[in-house]
Structures are given as C-alpha cells and as structure tokens.
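Below is one structure, written out as structure tokens; comments come after it.
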Amino acid sequence: MRKLLALALGIALLTGCASAPIAPPDTLRIVTPYKVKSLDPIKQGLWSPEWGYGELLMRATDNGGVEPWVLQRLEPVNGTQWRLVLRSGVTFSNGRELDSAVLKTVLERHLAENALVKANLPGAKIETPDANTVLLSTSAPVVNLPNLLADEQSVTVFDPQAQGVYTGPFTVSKLDDNELVLARNPKYWGGQAKLSEVRVRFVPDGQARLLAVRTGEADIALYPPTDALGSVKDAASGPRMATASQPLQQLRAIPNLRRAPMNDLAVRRAFALAIDYDQLAKQVLDGLYRTPKGIYPDAVPYALETQRTDIAEARRLLDDAGWMHSSAGARVKDGKLLRLTVLTYPQQPDTKAVAVALQAQLSAVGIGVQVTEVQDNYEALKGDAWDVGLSFDGTLGYTYDPIGPLRDFLTSQGSKNFGGVADAELDNLVSDLRTTTDTNARTPLLHRIQRVITDRGYLTVVAQRSSAAVVGGAFTGYRPSSVLHHVTATTRAG
C-alpha cells in the first residue's frame, strides 16, 4: 500500500493535471532517477558532459573509440610525457577563452581535489610551452591517458574563475532538488545547438518515469525498469523502447572481502557458480540483457570465458569448506548461517529484480539471501553492513578502457575498491598493464588478470546490456548514448 501511495504521489507531481502541456519542438523533456546535486566541477562535474553543459578533453564515441573533444589532438612525446593541443576558439559560456594557462589551472585543481585523477596520473607535472599546448609528464607511463581524459569522473573542463561555468552547448538556467533546466548557449564555440531548452526532472520511481512519457509529460525516460518494458519494447507507434549500440553496462556483484562469509574463497566461488546467468538474462530480465561469459564484454578480442553455472561444483566447494546443511535452509559453519546481505538501489530498479532471483538460485546450494535497498549504492558500499553489492559499472567503463576500471575497483589502492581486494599479484599485473605500451603485449596480461579475478572470486558480472530508454512525443527517433552523453549540440526532435 505504501508503495502504491508513493507511486500515486509521484504521478501527481509529474502530471499536475489531467492533460499534459504540449512542449515546443525545440524543447526536450527528460526524466531520470539520478539527481544533479550541484554545479561543483569536482564533486559533481560528471553530470556536465552527460547533460551538455560541459565537455571533456577527449570524447568516447558510440562506435567503440575515443577522439579529441576540446582538444585538437593528444599525442605521446615519449613514454612518460604527452602533448595536449587545444582546439582554437574554444570558449566558456561567459566568453572566456580556454587556453593552456586555464587548462593548467584546471588540471592542477583536479590533481589536488580529484582522487581518481591523482591516482591515475602519478607524479604529474604540467608545462605550457605556448598558448594552445600543455605538456603533461608523469613519473610512470600512462598508456590509457586518452581513455582517462574521456572519463566523465576524470578531468571535467570548467572555468576556474567562475562558479558553474563550462564550455558546452547549453548553460544551466535552473537547478533545484526536482529539476535541471538547460538553455541554449548563444556563445557555444561549436555552433548553435539544435534544441533551445532541455528540462531534466529527477524522478526516482521507475514506473512514474514511464508513465510520464505515456501521458506526454516527458519525451524520454532514462533507466527504465525491465519489468515495465513489455508493452513498449516492440511498439510500432507511441512510446517505445530504444537502446544504445554498445553493451557497456554491466550489473556486477561485488563481494565484501572484509567480513565473513565472503572472506571465504569457497563461498565466493560457490556464489558465482550457483548463478544461472542465462536465466537471469533471458527470463528474469526478459531477454533485454545479454548473458555474460566473463568480466569483459565478449565484443573485445581479449575477453575470456571465465564464468559458468555449475551447481554440483558449488555444492562440492561448500561441502569441502565445512559448510553443513541445516534445517534453516541456509548452510551453517561454526554456528553461523550462510546468509548474504545483498544491496540494491532504486535508481537501477533491475538490481532488485536480480537480487530476488538470486535468492531462489542461491538457495539451491544452501546460500541464503537478504535483499536490502539503499538510496546511494556507492555510499553504502563504503560501509561494512553488506556482503554483496549489486552495482551497474563496467570493466570497460564508458570509455572502452580495460585498465582504469581494474585499477579503481580491484587493486589495493583503488579509489573504488569497495570490496577490500588486497592481492599483490593482481596489483603487480595491473601495474604492468598500465605501463605496457605494446597493445599485443597487453593481451597475456589481461588474460592472466581475468583468471585471477575469477579464480579468487573478486568480482562476478551478473548481466550486461546496452543502455535503454523509453522515447515518445516528438523524440521517437532518439537513441540512447552508449557513453552517457544524453544531450548534445546535435540532439533534435525526430
């Protein structure tokens, strides 16, 4: 009853009246579960390229690569130095020019305040030989710098002398707890944006987001719950489902190695073997996901098939480790039941559907599951009141980078090492990978890394998909971005 009441209230707030207002053709209305909390370029800068009011030095593309964005080119000088050459004529929305001196200040600010940038650019030193060029030197090779500079959580480009001023085709005209409103930037260096206004409303309930498109209150609903897509996934008219081209979104199960029972290797391996990945993708998630075979999407040439379902092997591992059957359903060892607290979060409603399915699948080998929903999955994962965290993250990130996400999530010094992985061999392998410039020489390193991660139960990819959206109104031709660039200068009705 409470859930129904909350949904009704959410719908009422969205609709306000029985008939939805008609938006001008150059206005786009989007509903999303993720709230932009501020215009802080370090703490909340990731939203700026997603919503078109900011840009990055490099840009990930939907065809599987990265390319210069506000840079004209990025080129290695030697093993530990890169030359960054700015495009001429790039300005902030206040008209100030982006030159090498400004970029130097931006980079220094990120190095001082952005843990991700500091960790990935060791011993960074910055020089400005001319007005358009920055030389970036590091104490060790950073072979994935093009990918790092295309990462929305890395170096966002902002005016260090002004608050909330960026270089994108839109500017922020309003931001509060409910809505982000963007207006066309008349001074945009890349030419006039197709849209004059974008209105982004923060709607946490997935059903309410879909209803907003159905009633004409919104044109696009991002992150739709799979269980509500049945009537729109094959629709020929009206609201329909659209998907991105690249399967970069992975639903990953992160084990908490800092506490029992997931500090037991046998439990971690049994957990991964007891999951029926095919059933999750084809039945629980209605065929809208792909069955993962390993920790990397099978589209990349170095991906190995390291995951499988093997109930008998899972049971044997638990038997050998001393986990005994009990009348409670869950196994027991030393008087403690084998029960896992699995975290889900409402911004990604499919996490709950998967967690409920895992309850049934894992019970077949004697592992109990308690599903707990948290409002902010990363904040919850920083704590210790959990055993498995379900989180949509990719081992390629959104920049096709096989190195950065490994370092951030799975090495002892990683800024997102929520599970507490501390493995000297894995640290050394990732360190070697980060400094290996020969692409062919990286492949055996990547193969060994994948085997270590799987054999030691450090990560399980539960399902993978391409980003989806429900589109309607004048924007039925909209296709979601594989790399989360939801709105750009070229976004238009049609």
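The values are calculated or read from the model by the stated rules, or taken from the named source; none is laboratory data. Treat the numbers as computed from the prediction; the structure is a model and nothing was measured. Don't worry about glycine lacking a Cβ; one is built from the backbone with ideal geometry, like all the others, and counts go over all protein chains shown.
List of remarks:
- Complete set of residues in region 282-304 that are in contact with a strand residue (DSSP E or B) (Cβ under 8 Å, 6 or more places away or on another chain) and outside any loop (DSSP other than H, G, I, E, B): R290
- Out of L116, L46, L84, sole residue that is modelled with pLDDT of 95 or more, within 29 Å of D432 (Cα to Cα) and within 25 Å of the chain's Cα centre (by Cα): L46
- Qualifying residue in region 254-265 (condition: outside any loop (DSSP other than H, G, I, E, B), touching a Lys or Arg at 6+ places or on another chain (Cβ under 8 Å), at pLDDT 95 or above and assigned by TED's automatic domain parsing to the domain that holds T411): yes
- Among the residues listed as D401, D384, the single one being outside any helix (DSSP H, G or I), surrounded by fewer than 21 Cβ atoms within 10 Å (Cβ to Cβ) and in the same structural domain as Q347 (by TED's automatic domain parsing): D384
- Only residues that are among the polar types (S, T, N, Q) and farther than 18 Å from L248 by Cβ were counted in region 478-494, giving 2.
- None of L136, L116, L121 is in the same structural domain as G79 (by TED's automatic domain parsing), farther than 21 Å from A474 by Cα, in contact with a Phe, Trp or Tyr (Cβ under 7 Å, 6 or more places away or on another chain) and of a type in the set (A, V, I, L, M, F, W, C) except L136.
- Boolean, P169 is crowded, with 23+ Cβ neighbours inside 10 Å and in contact with a Gly (Cβ under 6 Å, 6 or more places away or on another chain): yes
- Of all residues in region 419-441, those satisfying the criterion of being crowded, with 17+ Cβ neighbours inside 10 Å, at pLDDT 95 or above and in a helix (DSSP H, G or I) are L426, D427, L429, V430, L433.
- Assessment of region 328-335 against the conditions (touching a Pro at 6+ places or on another chain (Cβ under 9 Å), buried (at least 16 other Cβ atoms within 10 Å of the Cβ) and part of a loop (DSSP other than H, G, I, E, B)) yields no matching residue.
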